[in-house]
Amino acid sequence: MSPNTTSTAGFSSIIQYSVFLRRIFEYNVKRRVLPFPSIFCIQTINLCNGSCIMCPLVQNSKKESMVMSNRLFEKIIKEISQEQLKFTYINLFLQNEPLMDKDIFKKIGLIKKISGGKIKTGLVTNGTIFSNEKIKELEKSKIDEIIFSLDALTEETYTKIRPGLNFKDVLKNIENVIDSGYDKYLAVKFVLQKDNILEFDDFKKFWKKKGIPIQISYLNNRSGDLNTYDDLCLKKRDFPILVNLTNYIGRKMFRGCSTPLITFNILYNGDVILCCDDYSKKMILGNVNDSSIKEIWNSKKYQKIREILYSREYKKIPVCCTCSKVTS
């Protein structure tokens, strides 16, 4: 891995954060949303090979494999590229395991080609499908960021949280990527919950020694779609004081969730959902087969949702009314 990986990623994160703040400022002060989103989550396939206990997918019956058509994918990327925003990020991950799409890295390459390399790209993966062939595709794709979801330091905890996936295989795949010609940003992710909290400090030490950045998040109830949330989640008293304070200040500053000001979520069939946590598809805001991204983003329906969120009337929005991130 390139010795400049961490510093490059840090610079990119600063740019991304400044974009977020500008969008939040524009809406909170001027009540105006910028005319096109900066962040996109695109689901190119609707499947996952995991059965993670903190994911609503494990509660649903097995789905038929559905892949986004090449025609639709190219239509989406062309519109995003034509906007030429100073910062645009496409995450090819949305309620799925992106590597189950056999052409996922070819699609990353297409994004780079159509945008002239201007669009930043990334994905989040459980890391189980990284064959040597996939690593070669990863190297060629010029993807900017890849994040491995681990959530554990030991095999025992990993198997409890991510049943059906092989801990040793994932660690081996991460090492193979680190040792490959891929020289962009690589990180490991840890979602804090009851079953792994005792391993958290040692997890940080282990990956810090390897020079790998760690992304930390807290379990949420996926807009009410995770039925086992109360059994799995940490209580507020278990969070560090600084985390609780930061969350409190954030809610006061942002007056609600910032997702509708920044992020655009597209499912494999072109349906647009308000939030990446809406696993039951409670709100469909449009379809990019029939409308442009810009038309949907600036629609009266979308604008109304932003107004309601700004007023903190979460009960009026099906996706938000039971979301632990805004109601707890």
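The values are calculated or read from the model by the stated rules, or taken from the named source; none is laboratory data. Since this is a predicted model, take the numbers as computed values, not measurements. Neighbour counts run over all protein chains shown; Cβ positions are idealised from the backbone, glycine included. We work out accessible area using only protein heavy atoms, side chains counted, and drop any ligands, DNA or RNA first. Shrake-Rupley method; radii C 1.70, N 1.55, O 1.52, S 1.80 Å.
Which members of region 29-53 meet the condition of being among the charged types (D, E, K, R) and in a loop (DSSP other than H, G, I, E, B)? Steps first, answer last, please.
From region 29-53, those among the charged types (D, E, K, R) are 30-32; that's our starting set.
Within region 29-53, ARG31, ARG32 qualify.
From the list PHE87, PHE73, PHE36, PHE40, which residue is among the aromatic types (Phe, Trp, Tyr) and farther than 17 Å from THR263 by Cβ?
Matching residue, one of PHE87, PHE73, PHE36, PHE40: PHE73.
Which of the residues that make up region 114-127 are buried (at least 19 other Cβ atoms within 10 Å of the Cβ) and either within 26 Å of ILE53 (Cβ to Cβ) or among the charged types (D, E, K, R) (or both)?
Across region 114-127, the qualifying residues are LYS120, GLY122, LEU123, VAL124, THR125, ASN126, GLY127.
Scan (1) among the small types (Gly, Ala, Ser); (2) surrounded by fewer than 18 Cβ atoms within 10 Å (Cβ to Cβ); (3) part of a helix (DSSP H, G or I) for the single condition SER223 breaks and write down its number.
Result: SER223 fails condition (2) only.
Filtering region 290-308 down to residues that are open to solvent by 30 Å² or more (accessible area, probe 1.4 Å) and outside any loop (DSSP other than H, G, I, E, B), which residue is nearest to PHE264 (Cα to Cα)?
Ranking the candidates gives LYS294 first.
List every residue pair whose Cβ atoms sit under 6 Å apart, with the two residues 6 or more apart in sequence or on different chains, where the first one lies in region 106-120 and is under 10 Å from ILE77 (Cβ atoms) and the second, anywhere, is in a helix (DSSP H, G or I) and aliphatic (A, V, I, L, M).
ILE111/ILE77; ILE114/ILE77; ILE119/ILE111
Got a sec? Which helices (runs of 4 or more DSSP H) wholly within region 108-183 have at least 2 residues that are over 20 Å from ILE212 (Cα atoms)? Before you say what the answer is, go through the steps one by one.
On the way: elements: 132-141, 155-161, 167-178.
It comes to 132-141, 155-161.
Could you grab me the full set of residues in region 205-223 that are under 29 Å from CYS275 (Cα atoms) and not β-branched (Val, Ile, Thr)?
PRO213, GLN215, SER217, TYR218, LEU219, ASN220, ASN221, ARG222, SER223
For region 132-189, name all the residues that are among the small types (Gly, Ala, Ser), open to solvent by less than 10 Å² (accessible area, probe 1.4 Å) and touching a helix residue (DSSP H, G or I) at 6+ places or on another chain (Cβ under 7 Å).
Once the filter is applied, which keeps residues that are among the small types (Gly, Ala, Ser), open to solvent by less than 10 Å² (accessible area, probe 1.4 Å) and touching a helix residue (DSSP H, G or I) at 6+ places or on another chain (Cβ under 7 Å), region 132-189 yields SER141, ALA152.
If you scan region 309-322, which residues turn out to be closer than 19 Å to LYS281 by Cβ, surrounded by fewer than 17 Cβ atoms within 10 Å (Cβ to Cβ) and out of contact with any Asp or Glu (no Cβ under 9 Å at 6 or more places or on another chain)?
Hits for region 309-322 are LYS316, CYS321.
Which residue, of LYS78, LYS62, is at pLDDT below 95, out of contact with any Lys or Arg (no Cβ under 9 Å at 6 or more places or on another chain) and either at negative phi or in a loop (DSSP other than H, G, I, E, B) (or both)?
LYS62
Would you say LYS86 is open to solvent by 10 Å² or more (accessible area, probe 1.4 Å) and without any contact (Cβ under 8 Å) to a residue 24 or more places away in the chain?
no
How many residues are closer than 21 Å to LEU123 by Cβ and either in a helix (DSSP H, G or I) or in contact with a His (Cβ under 8 Å, 6 or more places away or on another chain) (or both) if we restrict to region 189-215?
Here the count works out to 1.
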